[in-house]
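**Student:** There's a structure below that I have some questions on.
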Amino acid sequence: MAEKEVLGVLCSGRGTNLQSIMAAVASGQIRAEIGVVLTDKPDAMALRRAEEAGIARLCVDRRAYDTRQAFEERLVAELRAHGVTLVVLAGFMRILSPYFVHAFPGRILNIHPSLLPSFGGAHAHRDVLAYGAKVSGCTVHFVDEGMDSGPIILQEAVPVLDGDDEERLAARVLAREHVGYPRAIELLLEGRLRVEGRRVVIAAGQKE
Ligand code: GRF
């Protein structure tokens, strides 16, 4: 039996994905504990969610650091201090440097609100609507040194409907994020993911 897995969740704002991950930990779907929630913004609602759940939390305010390197060194130090074995980016609105990525090799996940590689970047829903795509969704992927570019673990699709605006589309995608992210973490922690180049092969589970 592997040692206990410890999640470190990084957020910048609202924290609904954090909430879904906390629920999955509480229900036993994710067999790990959340060691710490880190934010780069002092007013992130994610901090309050963590507080309410009795989880260690901390704001590492980017503005307090002269360089990205110094900021990331602090993040890594906090994650290590809390014994984190898997870093979960959940609405963390910063691009992480190779230094950070190499600190947790193969152990950083991100969720993006589009079907990558389409519509990467910070305005996925707006871009989907502007392009006229008929399908969107979310992608959970490993983080590598690029932006939104690591191997894909899973994707969930939703229709883009006539009359959608950003808010309506975002809400439809978010509902799938809240299912997909805990599922991807569960698969990883069960040791069922094997990365072969760009492809992530998912081994069958015991119940399947
Ligand atoms: C989500 O749409 C996620 O895909 C993106 O940022 C948003 C975060 O939402 N990376 P929340 O903070 O989890 O509510």
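The values are calculated or read from the model by the stated rules, or taken from the named source; none is laboratory data. Small disclaimer: the values here were computed from a predicted structure and weren't measured. Every residue, glycine among them, receives a Cβ derived from its backbone with ideal geometry; neighbour counts consider all protein chains shown.
Conditions tested, residue by residue: (1) out of contact with any strand residue (DSSP E or B) (no Cβ under 6 Å at 6 or more places or on another chain); (2) surrounded by 15 or more Cβ atoms within 10 Å (Cβ to Cβ).
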{"position": "93", "(1), (2)": "yes, no"}
{"position": "96", "(1), (2)": "yes, yes"}
{"position": "100", "(1), (2)": "yes, yes"}
{"position": "103", "(1), (2)": "yes, yes"}
{"position": "120", "(1), (2)": "yes, yes"}
{"position": "126", "(1), (2)": "yes, yes"}
{"position": "131", "(1), (2)": "yes, no"}
{"position": "137", "(1), (2)": "no, yes"}
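**Student:** Starting from residues that are closer than 24 Å to residue 108 by Cβ and in contact with a helix residue (DSSP H, G or I) (Cβ under 6 Å, 6 or more places away or on another chain), keep the ones in segment 144-161 and report whichever is surrounded by the fewest Cβ atoms within 10 Å (Cβ to Cβ).
**Tutor:** Going through the qualifying residues, I end up with 145.
**Student:** Looking only at segment 4-12, decide whether some residue is at pLDDT below 95, more than 16 Å from the ligand (Cβ to nearest atom) and not small (Gly, Ala, Ser). Write out each step before concluding.
**Tutor:** Looking only at segment 4-12, we keep the residues that are at pLDDT below 95, and these are 4.
Now narrow it down to the ones that are more than 16 Å from the ligand (Cβ to nearest atom): 4.
Pick out the ones that are also not small (Gly, Ala, Ser) and you get 4.
Checked against the condition, which is being at pLDDT below 95, more than 16 Å from the ligand (Cβ to nearest atom) and not small (Gly, Ala, Ser), segment 4-12 yields at least one hit.
**Student:** Taking the options 72, 52, name whichever one is of a type in the set (D, E, K, R) and away from the ligand (no atom under 16 Å from the Cβ).
**Tutor:** Numbers: 52 fails: away from the ligand (no atom under 16 Å from the Cβ).
Answer to the selection: 72.
**Student:** Give me the pairs: first residue in segment 151-180 and within 27 Å of residue 193 (Cβ to Cβ), second residue exposed (fewer than 14 other Cβ atoms within 10 Å of the Cβ) and basic (Lys, Arg), beta-carbon distance under 6 Å, and six or more apart or on different chains, which are they?
**Tutor:** Pairs that qualify, where the first residue is within 27 Å of residue 193 (Cβ to Cβ) and the partner is exposed (fewer than 14 other Cβ atoms within 10 Å of the Cβ) and basic (Lys, Arg), are 151/198.
**Student:** Where in segment 134-208 are the strands (runs of 3 or more DSSP E), entirely inside, with at least 3 residues that are in contact with a Ser or Thr (Cβ under 9 Å, 6 or more places away or on another chain)? Spell out how you get there, then give the answer.
**Tutor:** Numbers: elements: 135-142, 152-159, 193-196, 199-202.
Strands (runs of 3 or more DSSP E) meeting the threshold: 135-142, 152-159.
**Student:** How many residues are in a loop (DSSP other than H, G, I, E, B), touching a residue at least 12 places away in the same chain (Cβ under 8 Å) and farther than 24 Å from residue 6 by Cβ when one looks only at segment 96-133?
**Tutor:** Restricting attention to segment 96-133, the residues satisfying the condition of being in a loop (DSSP other than H, G, I, E, B) are 96-97, 104-107, 113-123, 132-133.
Now narrow it down to the ones that are touching a residue at least 12 places away in the same chain (Cβ under 8 Å): 96-97, 104, 106-107, 113-122, 133.
Then drop every residue that is not farther than 24 Å from residue 6 by Cβ, which leaves 113-122, 133.
Looking only at that region, the number is 11.
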